[in-house]
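Since the structure comes first, as structure tokens, the remarks are kept for the end.
The values are calculated or read from the model by the stated rules, or taken from the named source; none is laboratory data. Remember, predicted model here, so these are calculated numbers, not experimental data. Every residue, glycine as well, gets a Cβ built from its backbone with ideal geometry; the counts of neighbours run over all protein chains shown.
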Amino acid sequence: MADGAAPLSTASGEDRLGALHDDLLHKIITQYLPVTEAFRTAAFSKRWRHLWCSTPLVLRDVDLPEPARDALVPRVLKEHPGHFRSVILSDCRLASLDLELPLWPLVLAEKQTQKLDLVPSQPDTLSRIPAGILRCGSLKELSLGYWALLDLCGVNLSLPNLRRLALVTVFISDEDLEHLISACPVLETLQLNSKRPKHVRLRSRSLRCALVGLSMVEDFEVVDAPLLERLVLFLPPCGNGVSVKIGYAGELRVLGHLNTRFHRLQIRDNVISPDTMASISAVIPSVKILAVTVDFGVLWEVKMLGSFLRCFPNIDTLHIESALHGPSVAASGEHHARFLQEVCSVECLRSHVKKMTIHKFRGDQNEFEFLSFIAVNAQELQSLNVVLQQEIVSSTDDDDMNETRDKLQCLQFRTGISGVLLVLPTMGLLSSVKKATDLTFDDPFRF
């Protein structure tokens, strides 16, 4: 026993652990014990014998001993008499599960499973998803990875309690995706990163957060999502670009990352071009937090940045990721003059933006020209963070770092603030996804 730890029983034989309330014991079993240890609590004491049976099952196959994992998973699913709170299968062979427990999707439904995660850590091929999974009415969270979701339109799907849906590298058609989402009437969070569909049409009366990977998508459209608050686009397309159309999303508050090189933005019926000026029909006034990726060394992208910003007149928090999409244009007086001409007409930069972060800053002259403009013209700016990536800094000599720091300190901001230089590691994709889908994070793009 560790020094200072309270004994489990007193000298008189009093069982302190057994005296704990059932609710607390249930929590200990489900949150702190692997499933094999939780099962053994039935032999711990008379007081604990009913707990395994009455505690909703929390099964993570990685908690089971590896040599017997394929045999133990179907056994646990079959023999546990209570409901299933969470079943996470990432390492057992589903072919073995099909053999040992052919009706396992039915078992999940009968046991009122609330959370199901079927994302193999080492996928081989795309297997066809059992239709019963998509008729498990008790599910509140469902994650599917490396599955083929085929011919769903001909299946009676029903997920009436599902609030979170993650589809990771799945194969699904345009129509089947729409049919699946329509079968989730209370869906709040959608994560989509699929091999198909090529054309994504998002319709949901309940959806609040959508995280969509566009690597294999040709066009993406928010058709009707009246409660959508957060739309996060990640993974640049493999081809020349992707059309991003926002139709009806009256509550949209957080949007990013719009990419000036790869995204062809459309607001309702208005296609946004480098020369687009502000108009009532081409704006989304609800957006408060915007993230944009731009190469400051390419004039065409700078012009596109200006057009993007005009579409969101009420931004108060702006994130700009400085990217190198191609050979940068050398800085010149002509370039700087045209640059300033493009951004000076953006009203939100001058009169609305209060917080700004420049990500992946490298200290190029074109980047500093943008900061110089912000310093002079941003009338409401309250904070500016300039983020250098740790990986870039490690390959930069001290003189370059000191020069970047000195040039930033020399900027005189109209509002009296000073830019803050930060050196941070690049956030991994999994961490970014987790943060983006967590609505308790007000700003998912904040470092």
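In the set 143, 121, only one residue is under 23 Å from residue 65 (Cα atoms), within 21 Å of the chain's Cα centre (by Cα) and surrounded by fewer than 18 Cβ atoms within 10 Å (Cβ to Cβ); that residue is 121.
Could you grab me the full set of residues in segment 397-417 that are more than 20 Å from residue 316 (Cβ to Cβ) and loosely packed, with under 15 Cβ neighbours inside 10 Å? Before the answer, list the steps.
To start, the set of residues in segment 397-417 that are more than 20 Å from residue 316 (Cβ to Cβ) comprises 397-412.
Once the filter is applied, which keeps residues that are more than 20 Å from residue 316 (Cβ to Cβ) and loosely packed, with under 15 Cβ neighbours inside 10 Å, segment 397-417 yields 397, 398, 399, 400, 402, 403, 406, 409, 410, 412.
From 338, 350, which residue is more than 30 Å from the chain's Cα centre (by Cα), modelled with pLDDT of 85 or more and of a type in the set (Lys, Arg)?
It is 350.
Candidates 298, 283, 242: the one that is in contact (Cβ under 8 Å) with a residue 12 or more places away in the chain, more than 16 Å from residue 436 (Cβ to Cβ), β-branched (Val, Ile, Thr) and in contact with an Asp or Glu (Cβ under 8 Å, 6 or more places away or on another chain) is 242.
Restricting segment 412-447 to residues that are hydroxyl-bearing (Ser, Thr, Tyr) and in contact with a helix residue (DSSP H, G or I) (Cβ under 8 Å, 6 or more places away or on another chain) leaves a set whose member that is nearest to residue 145 (Cα to Cα) is 426.
Quick check on this structure: which one of 190, 202 is closer than 21 Å to residue 431 by Cβ, outside any helix (DSSP H, G or I), touching a helix residue (DSSP H, G or I) at 6+ places or on another chain (Cβ under 9 Å) and free of Cβ contacts under 8 Å to residues at least 60 places away in the same chain? Matching residue, one of 190, 202: 190.
If you go through segment 255-280 and keep only what is charged (D, E, K, R) and without any contact (Cβ under 8 Å) to a residue 60 or more places away in the chain, you end up with 264, 268, 269, 275. With respect to residue 249, is the statement that it is touching a residue at least 40 places away in the same chain (Cβ under 8 Å) and either touching a Ser or Thr at 6+ places or on another chain (Cβ under 9 Å) or surrounded by 21 or more Cβ atoms within 10 Å (Cβ to Cβ) (or both) true? Judged against the criteria, residue 249 is not a match.
Mind checking whether some residue in segment 195-212 is of a type outside the set (Phe, Trp, Tyr), at pLDDT below 90, surrounded by fewer than 16 Cβ atoms within 10 Å (Cβ to Cβ) and in contact with a Lys or Arg (Cβ under 7 Å, 6 or more places away or on another chain)?
The answer is no, given that none of the residues of segment 195-212 is of a type outside the set (Phe, Trp, Tyr), at pLDDT below 90, surrounded by fewer than 16 Cβ atoms within 10 Å (Cβ to Cβ) and in contact with a Lys or Arg (Cβ under 7 Å, 6 or more places away or on another chain).
The residue that is farthest from residue 419 (Cα to Cα), among those in segment 372-403 that are in contact with a strand residue (DSSP E or B) (Cβ under 7 Å, 6 or more places away or on another chain) and touching a residue at least 40 places away in the same chain (Cβ under 8 Å), is 387.
Results for (1) in a strand (DSSP E or B); (2) of a type in the set (A, V, I, L, M); (3) under 23 Å from residue 197 (Cα atoms); (4) over 21 Å from the mean Cα position of the chain (by Cα), shown as yes or no for each residue.
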| position | (1), (2), (3), (4) |
| --- | --- |
| 233 | yes, yes, yes, no |
| 246 | yes, yes, yes, no |
| 256 | yes, no, yes, no |
| 265 | yes, yes, yes, no |
| 276 | no, no, no, yes |
| 307 | no, no, no, yes |
| 314 | no, no, no, yes |
| 319 | yes, no, no, no |
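Would you check if residue 169 is in contact (Cβ under 8 Å) with a residue 40 or more places away in the chain, under 29 Å from residue 103 (Cβ atoms), under 22 Å from the mean Cα position of the chain (by Cα) and surrounded by fewer than 21 Cβ atoms within 10 Å (Cβ to Cβ)? So residue 169 fits the description; yes.
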